[in-house]
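A.B. asks: Below is one structure. I have some questions about it.
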Amino acid sequence: MYKYYIYLSVILTVIIFIPLYRVLVGPKIYDRILGAGAIATKTMVLILVIGLVFNRLDMFIDITIAYAILNFIGIIAITKYLDTRGVKRK
């Protein structure tokens, strides 16, 4: 059963590199933000699979929830910054 989790982890790691291309080469900043969000989502799944491997899913769920909250706050902060960057203040 552990071989299945290891194979799944390797496949998820390879899949993470697909949006990484969009983050590095993205033509617009919005494409890069979207790619970063996709990487974070796949990373959360990878953390949960690692929790299954170590048989401590309860601890890794807490880590994943904290990572999700930080990702959400980070995305909101970046979009707020980009929104106010173009506005001229009087």
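A.B. asks: Condition first: more than 24 Å from residue 1 (Cα to Cα), buried (at least 16 other Cβ atoms within 10 Å of the Cβ) and free of Cβ contacts under 8 Å to residues at least 60 places away in the same chain. Can you find one or more residues in segment 39-56 that meet it?
C.D. replies: Yes, the conditions are met somewhere in segment 39-56.
A.B. asks: Within segment 6-17, is even one residue modelled with pLDDT under 90 and part of a helix (DSSP H, G or I)? Full working, then the answer.
C.D. replies: First, the residues of segment 6-17 that are modelled with pLDDT under 90: 6.
If we keep only those that are part of a helix (DSSP H, G or I) too, we end up with 6.
The answer is yes, given that some residue of segment 6-17 is modelled with pLDDT under 90 and part of a helix (DSSP H, G or I).
A.B. asks: Please go through segment 18-53 and give me each residue that is more than 22 Å from residue 70 (Cβ to Cβ) and aromatic (Phe, Trp, Tyr), ordered by number.
C.D. replies: The one that is more than 22 Å from residue 70 (Cβ to Cβ) and aromatic (Phe, Trp, Tyr): 21.
A.B. asks: Looking only at segment 52-71, which residues are of a type outside the set (Val, Ile, Thr) and over 11 Å from residue 41 (Cα atoms)?
C.D. replies: Residues satisfying the conditions are 52, 54, 55, 56, 57, 58, 59, 60, 62, 66, 70.
A.B. asks: Quick check on my filter: what residues within segment 6-38 are surrounded by 15 or more Cβ atoms within 10 Å (Cβ to Cβ) and over 14 Å from the mean Cα position of the chain (by Cα)?
C.D. replies: If the condition is that a residue be surrounded by 15 or more Cβ atoms within 10 Å (Cβ to Cβ) and over 14 Å from the mean Cα position of the chain (by Cα), then 8, 9, 26 are the ones that fit.
A.B. asks: Something else now. Name the pairs whose Cβ atoms lie under 7 Å apart, with the first residue in segment 61-78 and without any contact (Cβ under 8 Å) to a residue 24 or more places away in the chain, the second acidic (Asp, Glu), and 6 or more positions between them or separate chains?
C.D. replies: none
The values are calculated or read from the model by the stated rules, or taken from the named source; none is laboratory data. Because the structure is predicted, anything quoted here is derived from the model rather than measured. Cβ coordinates were reconstructed from backbone atoms using ideal geometry, including for glycine residues, and neighbour counts include every protein chain displayed.
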